[in-house]
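Step one of this worksheet: look at the structure below.
Throughout, read-outs are computed from the coordinates displayed, never taken from laboratory work. Keep in mind that what you see is a predicted model, and the values were worked out from it rather than measured. We place every Cβ from the backbone using ideal geometry, glycine too, and count neighbours over all the protein chains shown.
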Amino acid sequence: MSTTKHLTTFVHNLKQRFVEAQPKRGEFSSYVIVFALMGVALLVRLVMAPVNAGLQYVTFFPAVTLSVVIGGFWPGIFATFIGLTLATYFFTPPFYSFSREALQGSFWSNMVFLVDGIIVCASIEGMHRYRAKYAAELKEAKYQEARVAAINKSLDEFTYIAAHDLKEPLRGIHNYASFLKEDHAAQLDESGNQYIDSIQRLAERLSTLIDSLMVYSRLGVAELVKVPVDVDAVVDAVAEDLSRLWTREGFELRRNGRLGTVQGDAARIGEVFQNLISNAAKYNDKSSKWIEVGCDRSGTQPIFYVRDNGIGIPAHHHDNIFRIFKRLHEQNKYGGGTGAGLTIVKKIVERYGGRIWLESVPGEGTVFYFTLGA
Ligand code: ADP
């Protein structure tokens, strides 16, 4: 091991022993350490005896500082008193006495030393307490964060299992409705047949909602993938998938510069763009419809956006639309939907440490912005 490495390990161990661990602040052992430190300081001062003038500051003050760092406020004050006692006895004429002359001679320098000692002890102890409080709060916050994450994960697991198990009886209902229609349609009148159609339609809708719930809950359970993703390629693939819809409806997809690369999962980022772009296309009643995709990289993290000139969203619905199964329109208006798309988008974005928000002018259009964390 090199000397530098030895030295680093030594300093690290010392720091752990005396500064980070601090198991005995203010306890008896702290006072023993104070004695040892002041003893060393005295030895140093005695070696330097021929040098005169105010050296108790140079020699005893570091010992006082170390005492408060290691032991706390009172051991620091204790060290200060030892310092001024030693300064009076050993280094004030007539030397090696507590005579009246020595006490008078050292009075003012001792007073200044005492005041300085109190200020240093109070400041260092204050900083230590603040640091300890901050460390405790940080630890508690981390613990709570881990707890919430664990609760969310088990909720997602529960939702996934419950949704999965609900699908089987639902499939049964749909199948029996089909058998009823196939085998007994003739025995039922028109409204009877319509009821069966409604049962099938509702079962299909419920099945779609359960599928969305499964997709949503699986996102919370799945491993978080973080690899470099070429966002331009992701949007190209989404545009390719949606191109048939655009040719039919006459949409124009504008790309404002390159989108660049981010850390994430191409499939998940694809889902985000797929949802936002298809919504931008769906909720648009203009004769000339466009969607613009871009990225602002001027800040600390890239902000992606999907802008449209569609119907817009009133401000009082800006939070609502991220709620699962929330739609602002009748069931089949604007091509229908489950109302789960934006909830899934939000969950993906937040799992990557990002956030999503929007700006919209009803009747003019909407911009969805999102980040994907650092
Ligand atoms: P879905 O599209 O299946 O209804 P979403 O969660 O994707 O579900 O969207 C929720 C609601 O938000 C939609 O029903 C729609 O009213 C509104 N919305 C989403 N995107 C847009 C948009 N780009 N412009 C206008 N309204 C939108």
Q) Structure shown: which of 286/347; 167/282; 326/346; 167/347; 226/346; 282/333 lie over 20 Å apart, alpha-carbon to alpha-carbon? A) 286/347; 167/282; 167/347
Q. What is the set of long-range amide H partners of residue 260 at a cut-off below 5 Å, with H atoms built 1.01 Å from backbone N?
A. 231, 232
Q. If Lys and Arg each add +1 and Asp and Glu each add -1, what is the summed charge of the other residues whose beta carbon sits under 14 Å from the beta carbon of residue 323?
A. +3
Q.
What whole-number distance in Å separates the alpha-carbon centres of the stretch 67-119 and the stretch 314-366?
A. 71
Q: Give a residue-ordered list of calculated ³J(HN,Hα) values for the stretch 75-81 (Karplus: 6.51 cos²θ - 1.76 cosθ + 1.60, θ = phi - 60°; whole Hz; x for Gly, Pro).
A: x, x, 5, 4, 4, 4, 5
Q | Among 127, 38, 48: highest mean-square fluctuation, GNM of the chain, C-alpha pairs under 10 Å | A | 48
(Q) Using 0.36 nm times the number of residues separating residue 364 and residue 350, minus their current alpha carbon distance, what extension gain do you get? (A) 2.2 nm
Q. To the nearest 10 degrees, how steeply does helix 28-47 sit against the main Cα axis of the chain, on a 0 to 90 scale?
A. 50
Q. What is the log10 of I(q)/I(0) for the chain, computed with the Debye formula using one identical point scatterer on each Cα and no solvent, at q = 0.08 Å⁻¹?
A. -0.68
Q: Measure off 7 Å from each Cα along the Cα-to-Cβ vector at residue 331 and residue 252, then give the distance between these two points in nanometres to one decimal.
A: 3.8
(Q) Under the 0.36 nm per residue contour assumption, what length would be gained going from the current alpha-carbon distance of residue 40 and residue 226 to full extension? (A) 61.5 nm
Q: Count the net charge of all other residues whose Cβ sits under 15 Å from the Cβ of residue 109, scoring Lys and Arg as +1 and Asp and Glu as -1.
A: -1
Q) For the pair residue 244 and residue 158, what calculated FRET efficiency results from E = 1/(1 + (r/R0)^6), where r is the Cβ-Cβ distance and R0 = 25 Å, to the nearest 0.05? A) 0.05
Q. Where does the charge balance sit around residue 139 when Lys and Arg score +1, Asp and Glu -1, over other residues with C-beta under 13 Å from its C-beta?
A. +1
Q. Along the positive direction of the dipole of the chain (beta-carbon charges: Lys, Arg +1; Asp, Glu -1; about the Cα centre), which of 263, 150, 88 reaches farthest?
A. 88
(Q) I'd like the Karplus ³J(HN,Hα) series for the stretch 304-317: coefficients 6.51, -1.76, 1.60, θ = phi - 60°, whole numbers in Hz, and an x wherever there's a Gly or Pro. (A) 8, 9, 10, 10, 9, 10, x, 6, x, 10, x, 3, 6, 9
Q. Going through the stretch 248-330, which chymotrypsin sites (Phe, Trp or Tyr not before Pro) have at most 16 other Cβ atoms within 10 Å and a DSSP loop state?
A. 325
